[in-house]
Protein chains: 4
Amino acid sequence: MFDETAAGVYVIAVTPFLPDGSVDMDSTDRMVDFYLDAGATGLTVLGIMGEAPKLTGAESAAFVKRIVARVAGRVPVIVGVSAPGFAQMEGLTKSVMESGAAGVMVAPPNHLRTDDQIVGYYHQAVDFIGDAPMVVQDFPLVTGVQMSVPVIARIVRDLPTCVCLKHEDWPGLEKISTLRKPGVLDRRISILCGNGGVFLPEEMARGADGAMTGFAYPEMMVSVVKHHASDPERGRDLFDAYLPLARFEQQPGLGLAIRKHVLAKRGVIAHATQRRPGAALSPAGVAEVEALMARLTRRLAELG
Amino acid sequence: MFDETAAGVYVIAVTPFLPDGSVDMDSTDRMVDFYLDAGATGLTVLGIMGEAPKLTGAESAAFVKRIVARVAGRVPVIVGVSAPGFAQMEGLTKSVMESGAAGVMVAPPNHLRTDDQIVGYYHQAVDFIGDAPMVVQDFPLVTGVQMSVPVIARIVRDLPTCVCLKHEDWPGLEKISTLRKPGVLDRRISILCGNGGVFLPEEMARGADGAMTGFAYPEMMVSVVKHHASDPERGRDLFDAYLPLARFEQQPGLGLAIRKHVLAKRGVIAHATQRRPGAALSPAGVAEVEALMARLTRRLAELG
Amino acid sequence: MFDETAAGVYVIAVTPFLPDGSVDMDSTDRMVDFYLDAGATGLTVLGIMGEAPKLTGAESAAFVKRIVARVAGRVPVIVGVSAPGFAQMEGLTKSVMESGAAGVMVAPPNHLRTDDQIVGYYHQAVDFIGDAPMVVQDFPLVTGVQMSVPVIARIVRDLPTCVCLKHEDWPGLEKISTLRKPGVLDRRISILCGNGGVFLPEEMARGADGAMTGFAYPEMMVSVVKHHASDPERGRDLFDAYLPLARFEQQPGLGLAIRKHVLAKRGVIAHATQRRPGAALSPAGVAEVEALMARLTRRLAELG
Amino acid sequence: MFDETAAGVYVIAVTPFLPDGSVDMDSTDRMVDFYLDAGATGLTVLGIMGEAPKLTGAESAAFVKRIVARVAGRVPVIVGVSAPGFAQMEGLTKSVMESGAAGVMVAPPNHLRTDDQIVGYYHQAVDFIGDAPMVVQDFPLVTGVQMSVPVIARIVRDLPTCVCLKHEDWPGLEKISTLRKPGVLDRRISILCGNGGVFLPEEMARGADGAMTGFAYPEMMVSVVKHHASDPERGRDLFDAYLPLARFEQQPGLGLAIRKHVLAKRGVIAHATQRRPGAALSPAGVAEVEALMARLTRRLAELG
């Protein structure tokens, strides 16, 4: 169900909360439907940019169960299981795979530096997560860990359960091209790109299979991926229309507040509430987001 | 000539090289004219993102002299004097101020952490650079140093020569708003924004005085600043047209190669040559840049 | 039971494991007795240098219960509750305080930089841990966060539950002197020092109240603290005897393997086993440790 | 004169200043004599922990000339040429090699992360420094760059001018053992150890050729190296006597103030002056250092 053929758009789901801070299960259901209606080919939950660490173990487990139940087998659900220790990673993986998740995602911890340290870490991680299909998250801006092509090649060679790279190195286009060169990897894996989608047209052209990120308009990403082969200029026209907002959502830290505000404004989730600590949008920030949404609507109308 | 009223667009100039690696003085002249014709209200040279450390002291001095001579008093020239030690900073400052520079820019070194350390560093720097008007560069993504509003307020209060903040925190819009709140700073300074201009419309709305960055189409920044008061929607239409390329140029490390390629393509500099170490554009990267330039031309034609 | 008068030696306890990786409760009991017999005035468990993240939540809770039961009220037990999110920190705090812990210890997460961010973090943490007496851990080498004296002063002023600073800045002697100057803090808190005890004589002379660290010979730290007022030269003679081994144990990462090896060799814990990931001692490393132990025995005999 | 057979003690020289901040050439001469009388087999100047960046280019050149003249061919002189750009590194290398230096030392810049980036950096550096014998400085605590054994092996294999590793990884004993295993490096290079000498007995036993560090009592390092083969227990007795002071001098940042204070107290240099920015010793710090010096004298007398 989730393997090296993964393609399309895996939306990184937010975690909706009620104003009192409890997980909002009704919004969770609505969000699942919204993402799938928009054309998502998969969902990814409890990502490191999300609010996973703000949930207790019990809450995480219940949230994943609810997501999986609502998805009802229509698309694969991937769960972020990065944790400060392997005991927690093992426990969470076991729990979510039993709940019906299709795979797990692991980001490297901040203290890793040398190539050997990074490869060694994934070896150990796989000892704990077992045979669950694994996404390796390559996100230096947030993790502080730079994974070179030789490192990724060693992980792919050594660990058969690594089926997908969540690519969000920046700059990262040459890395995609290199990974796609014959002989660089000893088998093909899926490459799904992050960074809020702001490089998606170029990433597709370089050989990516799609996106795995959480931009609040997943239809943009679905369009770019869909038009990539048939009508890339049309895909780019749409991409350009969304870019002013995508760029705005791409602000580190603040991005989640923007994303939740847009999703709430679009009626997907009931509240933009974040658990603490969370960067809040000021009134000026809200006005900026809503002005960008209005400009987007106008531009889409022009494009037809 | 350069003080706290600085406004408009201070273009961060590249350092043009001949294919043999020597400084290209003819291109330097042409570049100065190009920036000024585009509406630049100032120039900034030898920035940390540029190739300043690749020049010898003698080359730096000769380059600044040539720039100042060509500018011929039309706009102020600011020179980046960040250096690993104060002896070098003092020597460079003295040399460029005698050559006719209007001010200097200082970025905090990577090892500073606490508020007191940062403020203390600028106190010491000013002991060495003397009464030259100073731009404080706030660029955490590259320097690794986060300057809070209280830190900036202390620098402004303690050091009268600090007349301008080169703002490129990310996210940074709330910081501009806070700095502009009455009472936060004990005197108004100029705020000129970086980050390749990709947040310029919002930055102007938050109270910035303009841009200090090196996007290869300075006319975009000039337009956004010019239309900010009179016709901001027109300014945004133009901004949006340039954004796909501005976003592409904003890739860390690779950005300079893109910028020099565009400037060479536009006939401003003779060669896109960088001194080593420098990230080069692959053929695929060149194609991406040129496709974006072509789309920009079409979009500008549509906008009229 | 644990407040701003805390003094003496709070030993940072290791977490003993059986060869199969399960928590070794018998060794845990023996270790508690050993530390208390050596003169410990408190115990600290689940520290960031220990193996806390390698335990599941259930294991952590059971381990703390066992420790508290064995201590049986003889000394206070402090528990490290640093966690990637406040939900986990809150849950663990509640659990261990109900089990009879006397306080909790919180280290700042790696991403904090500015003074305001650090102070803000502790404000939020206290909202979650409630009225549990709190130790602030100042350990820049491991956390990457530098806490200046003004930051500590603000935390002490704002948060009455902060009763103790675990001081392991390096260099850090001037910081102790400054914190002890009249007027710098608006109330006196306990300062207990870390760094494996390798600066303990100087730290006591600067105004520290004792040690909170895990050197495998707690009797050294007890002696230095005890002799500090009465016969400091005798204290230093003993300190110097232990220093070659203390210096060796102070190697980052490897230190825990050395510490566990010594404790096993001394009969305190049954096995030096660590859970993965853990740096292991090579045969050469074992020989080095044991040679240092033998030299220590000889030197102590000389000193009488 | 300086090649892969380098052994013994290469003392890292301080840069002596007069109270007015100018370089103190008389103290420089006296310091050279002192180090050579103590048994130094080489000198290293302008290291990254020293005050190299506080000198102008002209001052650096004059200082190296003076050192080389005073040494008068008795031992090799190595010069640190790490610089933010290759143009400066090239210029300084050329200048000091012409002055009679025997080799240069290069530390990796802070932004390097992956194995390929580090190896690539040294390839480029050698393109600029030419055929000067090169010391690679492996000092993660200060540079932030972790050089694994495979990285060092690639540098040694690719770059014949790399004749020596200045080893100050921490922990680093296993690294020495691994580098000395047959087949790990394709040729033997010199390994000289740093970290203020605080691990020197163990480093010698693991296969190091000596020390390259600046502890203010070079005679300790000379003794440990000398006794290593013939009477290691005697070497350790002496080492242990100096360790309380060596540990104290090993404090990051503050260490240079301690080192200069001791050298001034010993009559080697006229003043402990540092150029700014420099951490100064407080009166309490001075008292601590002098108490440690007095205890050292007593202990050496006991040892005979």
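I want the local charge near C:Arg66. Using Cβ-Cβ distances under 11 Å, sum +1 for each Lys or Arg and -1 for each Asp or Glu among the other residues.
Values: positive: C:Lys65, C:Arg70; negative: C:Asp24, C:Asp26, C:Asp29, C:Glu59.
With Lys, Arg at +1 and Asp, Glu at -1, the net is -2.
Averaging sequence separations of C-alpha pairs under 8 Å and six or more residues apart, then dividing by the length of the stretch A:60-126, give the relative contact order as a whole percent. List each step's numbers first, then the result.
Details: 54 pairs, mean separation 23.2, N = 67.
This gives 35 percent for the stretch A:60-126.
Among B:Ser60, B:Ser223, B:Ser148, which one moves the most in a GNM of chain B with springs linking Cα atoms closer than 10 Å?
Comparing B:Ser60, B:Ser223, B:Ser148 in a Gaussian network model of chain B, the most mobile one is B:Ser148.
So which trypsin sites (Lys or Arg not before Pro) in the stretch C:211-304 pass both tests, a DSSP loop state and at most 13 other Cβ atoms within 10 Å of the Cβ?
Filter output for the stretch C:211-304: C:Arg266.
Around C:Thr213, which amide H atoms from residues at least 5 apart in sequence, or from another chain, sit under 5 Å from its own amide H, with H modelled in the peptide plane?
Amide H neighbours of C:Thr213, under 5 Å, 5+ apart: C:Tyr10, C:Ile12.
Pop out the ³J(HN,Hα) list for the stretch B:238-243 in order, Karplus 6.51 cos²θ - 1.76 cosθ + 1.60 with θ = phi - 60°, rounded to Hz; leave Gly and Pro as x.
With coefficients 6.51, -1.76 and 1.60, one gets 5, 3, 4, 5, 7, 4 Hz.
Rounded to the nearest 500 deg cm²/dmol, what is the calculated helix-only ellipticity per residue at 222 nm for the protein assembly as shown, with -39500 (n - 2.57) per DSSP H run of length n ≥ 4?
-15500 deg cm²/dmol
Report the accessible surface area buried between chains D and B, summing both sides, using a 1.4 Å probe on protein heavy atoms only, in Å² rounded to the nearest 100.
What D and B bury together is about 1300 Å².
If you only keep lysine pairs separated by 8 or more in sequence, or across chains, how many in the stretch C:143-291 come under 27 Å at the Cα atoms?
Value for the stretch C:143-291: 8.
Along Cα→Cβ, 7 Å out, is where each label goes; now give me the distance between the ones at B:Asp158 and D:Asp131 in nm to one decimal.
5.2 nm
Under 8 Å for C-alpha pairs, at least 6 residues apart: give me the relative contact order for chain A, rounded to a whole percent.
20 percent
If the elastic network links every pair of Cα atoms under 10 Å, which of C:Gly267, C:Gly100, C:Gly80 fluctuates the most in the Gaussian network model of chain C?
C:Gly267
Please list, in order along the stretch D:162-170, the HN-Hα scalar couplings obtained from phi with the Karplus expression 6.51 cos²θ - 1.76 cosθ + 1.60 (θ = phi - 60°), rounded to whole Hz, x for Gly and Pro.
For the stretch D:162-170, the Karplus-derived couplings read 6, 10, 8, 10, 8, 9, 9, 5, 8 Hz, x marking Gly and Pro.
Considering only DSSP beta bridges where both residues belong to the stretch C:8-230, give the percentage that are antiparallel (nearest 5). Before the final figure, lay out each step's value.
Numbers: 1 of 28 bridges.
Around 5 percent antiparallel, to the nearest 5.
Enumerate the residues in the stretch A:257-294 having an amide nitrogen under 16 Å from the point lying 7 Å beyond the Cα of A:Leu141 toward its Cβ.
Flagged as within label range: A:257-259.
Normalised by the residues of the stretch D:1-99, what does the relative contact order come to in percent, with Cα pairs under 8 Å and at least six apart?
Values: 108 pairs, mean separation 29.6, N = 99.
Normalised by residue count, the contact order of the stretch D:1-99 is 30 percent.
Please give the per residue accessible area of the stretch C:8-230, computed with a probe of 1.4 Å over protein heavy atoms only, in Å².
I get 32 Å² per residue for the stretch C:8-230.
Considering only protein heavy atoms and a 1.4 Å probe, what is the carbon-and-sulfur percentage of the accessible area of the protein assembly as shown? Spell out each step's value before the answer.
On the way: 23180 of 41560 Å².
Of all accessible area on the protein assembly as shown, carbon and sulfur atoms account for 56 percent.
Would you calculate the separation in nanometres between label points at D:Lys181 and D:Ala72, each defined as 7 Å from the Cα along the Cα-to-beta-carbon direction?
4.8 nm
Looking at the protein assembly as shown, what % of its DSSP beta bridges pair antiparallel, to the nearest 5?
Just about 5 percent of them are antiparallel.
With label points built 7 Å along Cα→Cβ from the Cα atoms of B:Leu18 and C:Met1, find their separation and express it in nm.
8.1 nm
Can you pull the mean other chain C-beta count within 10 Å for peptide D:108-118?
Mean inter-chain Cβ contacts per residue within 10 Å come to 5.
What list of ³J(HN,Hα) couplings, whole Hz, do you get for the stretch D:57-70 from phi and the Karplus terms 6.51, -1.76, 1.60, once you set θ to phi - 60° and write x for glycine and proline?
Result, ordered by residue: x, 5, 5, 4, 4, 5, 5, 4, 4, 5, 4, 4, 4, 5 Hz.
Take peptide A:169-176, look around each residue's Cβ out to 10 angstrom, count Cβ atoms belonging to other protein chains, and average those counts.
Counting Cβ atoms of other protein chains within 10 Å of each residue's Cβ and averaging gives 4.
Between rounded, prolate and oblate, where does the stretch D:8-230 land on the alpha carbon gyration tensor, with a ≥ b ≥ c its root eigenvalues, rounded for a/c under 1.5, else prolate if a/b exceeds b/c?
Verdict is oblate for the stretch D:8-230.
Report the residue, chosen from C:Ala125, C:Ala216, C:Ala101, that carries the largest GNM mean-square fluctuation when chain C is represented by alpha-carbon nodes joined by springs under 10 Å.
C:Ala125
The values are calculated or read from the model by the stated rules, or taken from the named source; none is laboratory data. These figures come from a predicted structure and were not determined experimentally. We place every Cβ from the backbone using ideal geometry, glycine too, and count neighbours over all the protein chains shown. The area values use the complete protein model at the heavy-atom level, side chains included, leaving out ligands, DNA and RNA. Shrake-Rupley method; radii C 1.70, N 1.55, O 1.52, S 1.80 Å.
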